Amino acid sequence: DTEVTQTPKHLVMGMTNKKSLKCEQHMGHRAMYWYKQKAKKPPELMFVYSYEKLSINESVPSRFSPECPNSSLLNLHLHALQPEDSALYLCASSQDPSGGVYEQYFGPGTRLTVT
Amino acid sequence: GQNIDQPTEMTATEGAIVQINCTYQTSGFNGLFWYQQHAGEAPTFLSYNVLDGLEEKGRFSSFLSRSKGYSYLLLKELQMKDSASYLCAVVSRNYGQNFVFGPGTRLSVLP
């Protein structure tokens, strides 16, 4: 199974709402990633978890809060977002990058619209 | 810092060959990936180069020259389904082995 799943596929939320994005993989990967992708732009790295610990936070605003409950799951909690946060949010996983360079497997993404 | 550049858009004809270039400047270079991304879908892995030379995988080949900071993706026998964005991603030891994506090249294959 080389699949990364993400839910929901689409999300519309108001600026005062609280919502969560979910990501799951069962490949035994110990690194998981959140990326943000705006239209016609490349993915931008937001967070990296390695062995369930946050290893990189790319200066992301605190209205985005990641969580890694276990080695297969990754969440992104959203609160008080702005319209400019509307984007495709991609989750990815790979073998632990501290051990070498590995391909990242991407999920299909959650299309987020903030109204 | 890192600087990665790709042409924004390219157009080619079905059955033809197209070469998509990627130039980069980085320290601690540790490999370069190519991904394909159809509109609204996940990026999918195409190739990985860490040593100089050509890697061939069916209709797709990728080349790397570390001294020139240059890579290309070669697509042969183009098909309509190859219309997509092609992203190069550079990995650097100085950046925790994480991906930094180039701007991407949108390829349109015409009949």
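A short reminder: the numbers here are calculations on the coordinates, not readings from a lab. In this text, all values refer to a predicted model and were calculated from it rather than measured experimentally. Neighbour counts run over all protein chains shown; Cβ positions are idealised from the backbone, glycine included.
Just a few scattered comments:
- Taking each residue of region A:27-38 that is more than 9 Å from chain B (Cβ to nearest Cβ) and looking for partners that are among the basic types (Lys, Arg) and assigned to a strand (DSSP E or B) with beta-carbon atoms closer than 8 Å, six or more apart or interchain, yields nothing.
- Looking only at residues in region A:41-67 that are in contact with a Ser or Thr (Cβ under 8 Å, 6 or more places away or on another chain) and part of a loop (DSSP other than H, G, I, E, B), the one that is surrounded by the most Cβ atoms within 10 Å (Cβ to Cβ) is A:Glu52.
- In region B:34-58, of all residues being hydrophobic (A, V, I, L, M, F, W, C) and in a strand (DSSP E or B), the one that is farthest from the chain's Cα centre (by Cα) corresponds to B:Leu54.
- Within the option set A:Val48, A:Val60, being without any contact (Cβ under 8 Å) to a residue 60 or more places away in the chain and in contact with a Lys or Arg (Cβ under 9 Å, 6 or more places away or on another chain) holds for one residue only, A:Val60.
- Taking region B:40-49 as the range and being facing chain A (nearest Cβ under 7 Å) and not hydroxyl-bearing (Ser, Thr, Tyr) as the test, the residues that pass are B:Glu41, B:Ala42, B:Pro43, B:Phe45.
- Of residues in region B:65-86 being of a type in the set (S, T, N, Q) and more than 14 Å from chain A (Cβ to nearest Cβ), the one nearest to B:Ile17 (Cα to Cα): B:Gln79
- Within region B:5-33, considering residues that are among the hydrophobic types (A, V, I, L, M, F, W, C) and closer than 16 Å to B:Arg93 by Cα, the one nearest to the chain's Cα centre (by Cα): B:Phe33
- For the criterion of being more than 9 Å from chain A (Cβ to nearest Cβ) and in contact with a strand residue (DSSP E or B) (Cβ under 7 Å, 6 or more places away or on another chain), B:Ala89 fails.
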